[in-house]
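Nothing in this text is a laboratory measurement; each read-out follows from the coordinates by a stated rule. The model shown is predicted, which means the values in this text are computed figures rather than measured ones. Glycine also receives a Cβ, built like all others from the backbone with ideal geometry; neighbour counts cover every protein chain displayed.
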Amino acid sequence: MSKLGTIGARLHRGEISYDFIGKRKIWFAVSIALVVISLGALFARGLALGIEFKGGVEYQTSSVKITDDTIADVSSAVKATNAKDLGDPVVTTIGGEKIRVQTKPLDQADIARVTDAIAKELNVPTAQVSTSQIGASWGSQIANKAILALIVFLVLVFGVIWIYFREPKASAAAIIALVHDVFITVGIYALIGFDVTPATVIGVLTILGYSLYDTVVVFDKVRENTRGITGSNRYTYSDATNLAVNQTIVRSINTTLIALMPVGSILVVGTVVLGTGPLKDLSLALFVGIAVGAYSSIFIAPALLAQFKEREPGMQALRRRVLAKRAASTSKAKAGTPVAAGAVVGGGSATDVSRLQDKPKSSGATAGTPTASSRPVRPTSGAGRPQPSRKPRSKRGK
Amino acid sequence: MATTTTSRPGRTLIILGVVLVLLFGIMAIAKSWEPKLGLDLRGGTTITLTAKSLAGGGDVTAEQLTEAKNIISQRVNGAGIGEAEIATSGSDHITVAVPGANQDSLVDQVGQTALLYFRAVYDAQAGAPVPTAPPSATPTGKPSTTPKPSTPPKPSTTLKPSTSATPNGRAWSSVLGAATPTPTPAKASTPVPSAPVPSTPAATPPAPPVNNGDPLNYQPDAATQAAFAAYTCDKPAPKDEPGKPLVSCSKDKSTKYLLGPAILKGTELSDATAGIPQGGLGWQVDLKFTGEGGEKFLNATTAISKKPAGANLFAIVLDGVAISTPSVTQPIPGGQAQITGSFTESEARDLANVLKYGALPVSFDISEVATISPQLGGDQLSAGITAGLIGLGLVIIFSFLYYRGLGLVVVLSLLAAAALTYACVVLLGKTMGFTLTLSGIAGLIVAIGITADSFVIYFERLRDEVREGRSLRSSVETGWARAKHTIIAADSISLLAALVLYILAVGSVKGFAFTLGLTTLIDLVIVFVFTKPLVTLLARTDFFGHGHKLSGLDPEHLGVERLPGQMRPADRPAAKSTRKPVGGEV
């Protein structure tokens, strides 16, 4: 674990970094492919809608001794009730001792008779048979409300992120990433054929909040790294964003892991103990969604943000300056191997990179351009007092 | 120097402790230690109804929904089911939650459409059996053009004017005011009264008990009379069939009525309002009828007004209950009427609401009926608790492995959050009737992750600050200054999601959204008043402040050579480390 911690530190300093932004085209392509596959699966296969979306009656009972004949016996017992519009009852066993029967919508009296028949056949008290009776329009009502909630939420979130980051482009990037998450989650449902129930819909809606949680954390760091970036010509917006992603990746992974642990335990317990039901459906959607959300907040959302921002004239000018300077410094120093993100220009000192937003650094190989002059001097922290500056290692006493 | 911003962490912690003690103290006083569990956790039947307006585009107004809820409450209570909870949900849903399994008849009963009818009153008696009072049908001496059709043939006119003639002194009256004492001169209404009135005397005198289909000509037969005599108001409300006579009770069950077949339907009303007329003193209810309804109303009032005072009652019946029985003394033309009498404001508004509801009755689709056996409920509860404990355990193990000593902060913070959440859920159940459902439990478990994520954000930030060369104690402050913005932003988004879900979604989503929102708020509180002060305090200790190997803040773990502001661990004089980890060295 401590190694992991060291990796975190090296990521922070930019010693190791993955060029998320530079390789964004690859990841965009991956995501577009995933979304296309998802949409294709959705249209080709459709979703395995649960009984809640079709209407019908579901009976469930537990603590039953299940033999090979149980399913056939229960099925014939249900049919023997001759309930009106019964159709073919679907009898399934769940786990070792649960039976689930699904029928078409029935009258109240018929439901009672079918319940009695099942209870009698399985030799359990009638009160032990749980029933769930769903009108045909219930599922579409839930779906409609969910879509309404989705739209309202997206609009509100667009506003909130805009206000918080004072940047509509951040809102756009976050929302695109979010929609991408929802599409892929739904696509996975269509591909694998998981049952879609109202609980699944809740799960998908909750992903909204969660996926954004991660994205907001990354964007917060991006904002910090790019504050006053145009005053310098050491980093392009993409460089600063990439550094931010690398600096927050440990955080992203940790928050995702920690979020997945309780959700995973609901999923496992819900599946093993209850077999089926809202717990399983909800947690499955959350599990898939949180995982996809972590991917998008690392690979997609910041890259989108950088893509949008790099179109601004100011950022393009910055990019030209930075590239020109890099070209000059490589030809002069003939040594520096310019990798995309930080750690390069500063020539060693770890604090250079991570402090790029803190205060202008006068020392280091980059001297020559008066970068400091154009940047306003701000208080560096909430402590409201000047921070101690760190002297080069050689000048520090051991 | 770091102490300038660490505003007494100890005090904040004590305040939180006091709040917690208070909350649990309230729980102790209220003697409620357990949250109110939903029916999916303890067994029972939950019926979700979707209300649809019979007339109009299918949308229901909030008033209609509330009225529908009241009607359903009456039905459920009338069926003698205790502990039932009826609530509106969203814009068009009503949920009925009944503990205990198998309420098949209830589903049918609850799902019926409640309709409003106007019926003539033929007899009224006290709701409990009482000796019949002498008939005291005092003719009002009205210059009637036709013989009174109803009074002579009535076999047992047991009307007691004292109790029931004009209950609360209510009376129908014409909007056109006292200027129309006799309807006949009115131009528009002249043809109308003539139509039914001649038919009435023709039909009634020869064979009084024959009901020839016209509700105005109805006369109760012997069987109906007997049923009426035997009926008492403590029995369940009878089925309200418009074409048949009805035995019904007043809302307070003090009086029972024998009512004729329905004369007017509620849908023939177009509007009803409660108000005080200009220059008037008391509250009254104004009604407007549709064109056809207005004619029927005129016919009915014409016929009923000919009955003697005390027998001239025209009842408003909703869902089998006689809501109001005002008397009629004159025919009321013009499609508008008033009910006057000694109304209080709320009585008038209630009556107007009932009438409005009657004008646009609501039908119910049975959207979902879930009957959970107590056994399955128990299974789901224990599964939820197990999942929660496992999830909590995993998060704690991960925190200790990754953050070492800081894992202690995670555990304590989660415990504090758990205590606060538990108290809130219990107390909200007690005060607001919040019930914890399975999806609510799922929300609580998911929240473990969200809560712990806030700590991760802070800790990672803290480590970043140390990596940037700050001392530990100043990092605790500067890291917090930055982390708190991120935490607030991220939590606001979570809160927004929960809020949107709670407001817009239906069914079990609500429980989930509620607990998720609640725990996100609690997470914010805990991070601010517990986690941060705790870290501040711990940073002052030798173990954390000097970056002990197991503290999670040791230099190697953080990836720095050594913590600023102190010597390398190896160089440090082991015995007397009196040096405080003061930041900002030279």
> Remind me, what semi-axes does region A:218-304 give for its equivalent ellipsoid, largest first in whole Å, using sqrt of 5 times each Cα gyration tensor eigenvalue?
Replying inline: 38, 10, 7
>> Starting from the 7 Å offset along Cα-to-Cβ, what nm value, one decimal, do you get for the label separation of B:Ile385 and B:Leu550?
In response: 3.2 nm
> Would you list A:Ser140, B:Ser399 from fewest to most Cβ contacts within 10 Å?
Replying inline: A:Ser140, B:Ser399
> With a 10 Å Cβ neighbour count serving as the proxy for reagent exposure, in which order, fewest first, do A:Tyr235, B:Tyr502 appear?
Replying inline: B:Tyr502, A:Tyr235
>> Counting only Cα atoms, I'd like the Rg/Rh figure for region A:124-212, Kirkwood definition for Rh.
In response: 1.15
>> With N set to the number of residues, divide the alpha-carbon radius of gyration of region B:359-407 by 2.2 N^0.38 Å and report two decimals.
In response: 2.25
> Reported to two decimal places, what Rg/Rh ratio describes region B:334-393 when computed on Cα atoms with Rh from the Kirkwood expression?
Replying inline: 1.46
>> If I stretch the segment between B:Ala222 and B:Ser342 completely, what's the gain in nm (0.36 nm per residue apart, minus their alpha carbon distance), one decimal?
In response: 39.6 nm
> Across region B:488-495, in residue order, what do the Karplus-derived ³J(HN,Hα) couplings come to in whole Hz, using 6.51 cos²θ - 1.76 cosθ + 1.60 with θ = phi - 60° and x for Gly and Pro?
Replying inline: 4, 4, 5, 5, 4, 5, 4, 5
> Using 0.36 nm per residue, how much length does the chain from A:Thr230 to A:Val90 gain when fully extended, once their Cα-Cα distance is taken away?
Replying inline: 43.8 nm
> Over the C-alpha atoms of region B:275-432, what are the Rg and the largest Cα-to-Cα span, Dmax, in Å?
Replying inline: 31.0, 93
> Once amide H atoms are placed 1.01 Å from N in the peptide plane, what residues at a sequence separation of 5 or more from B:Asp271, or on another chain, have their amide H within under 5 Å of its amide H?
Replying inline: B:Lys288
> When A:Lys23, B:Lys306 are ordered from fewest to most other Cβ atoms inside 10 Å of their Cβ, what list results?
Replying inline: A:Lys23, B:Lys306
> On the first, second and third principal axes, largest extent first, how far apart are the outermost C-alpha atoms of region B:385-482 in Å?
Replying inline: 52, 26, 17
> At a Förster distance of 45 Å, what's the computed FRET efficiency of B:Thr66 paired with A:Lys25, Cβ-Cβ distance as r, to 0.05?
Replying inline: 0.20
> Whose amide H sits under 5 Å from the amide H of A:Ala48, counting only residues 5 or more places off or on another chain, with H placed in the peptide plane?
Replying inline: A:Val196
> Hey, how many Å between the Cα centroid of region B:447-468 and the Cα centroid of region A:152-213?
Replying inline: 24 Å
> What number, in percent, do you get for the relative contact order of region A:146-298 if the mean sequence gap of Cα pairs under 8 Å and at least 6 apart is divided by its residue count?
Replying inline: 33 percent
> Could you state the per residue volume, in Å³, of the convex hull enclosing the Cα atoms of region B:426-467?
Replying inline: 69 Å³
> Which FRET efficiency value, to the nearest 0.05, is calculated for B:Ser89 and B:Asp252 with the Förster distance at 35 angstrom and r the Cβ-Cβ distance?
Replying inline: 0.75
> What's the center-to-center distance, using Cα atoms, between region B:25-66 and region B:330-401 in Å?
Replying inline: 3 Å
> What dipole magnitude, in Debye to the nearest 20, does region A:40-197 give about its Cα centre under +1 on Lys/Arg Cβ and -1 on Asp/Glu Cβ?
Replying inline: 480 debye
> Ordered by packing density, taken as the mean number of other Cβ atoms within 10 Å over each peptide's residues, highest first, how do A:122-128, A:269-275 rank?
Replying inline: A:269-275, A:122-128
> Given R₀ = 45 Å, FRET efficiency for B:Ile397-A:Leu191 by Cβ-Cβ distance, to 0.05?
Replying inline: 0.85
